[in-house]
1. Being in contact (Cβ under 8 Å) with a residue 12 or more places away in the chain, assigned to a strand (DSSP E or B), charged (D, E, K, R) and out of contact with any Lys or Arg (no Cβ under 7 Å at 6 or more places or on another chain) is the filter here, so list the residues in region 49-96 that pass it.
2. So E81 clears everything in (1) more than 14 Å from R14 (Cα to Cα); (2) at pLDDT below 85; (3) among the acidic types (D, E) except one condition, right? Which one?
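The values are calculated or read from the model by the stated rules, or taken from the named source; none is laboratory data. Remember, predicted model here, so these are calculated numbers, not experimental data. For neighbour counting, all protein chains shown are included, and Cβ atoms are generated from backbone atoms with ideal geometry for every residue, glycine included.
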Amino acid sequence: MKIQPLGDRLVIKRVEASDKSKGGIILPDSAKQKPQRGKVEAVGPGRLLGDGKRQPLQVKIGDTVLFTNWAGDEFKETHGENILLLRESDVLAVVD
């Protein structure tokens, strides 16, 4: 399924959560924290301004970004992977 976000929205695929704690304990899925880092899979055309022009986005496809825990909405794709749909303003930083 191909998802094309609208406006200033981004499609993010979260990085995998670690299966072990720092102390080496294997964590069940219910105890894992959701990662706050992900890779940009798709971007919208940009926010529509009052004069009818579009403001280009600062992030691009392929960027690795940091975002807050509660940012965006999570959806399950048809083949079982979760994707996150959020606004560009929810992105805190781009990681090299």
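1. D73
2. Here E81 clears every test but (1).
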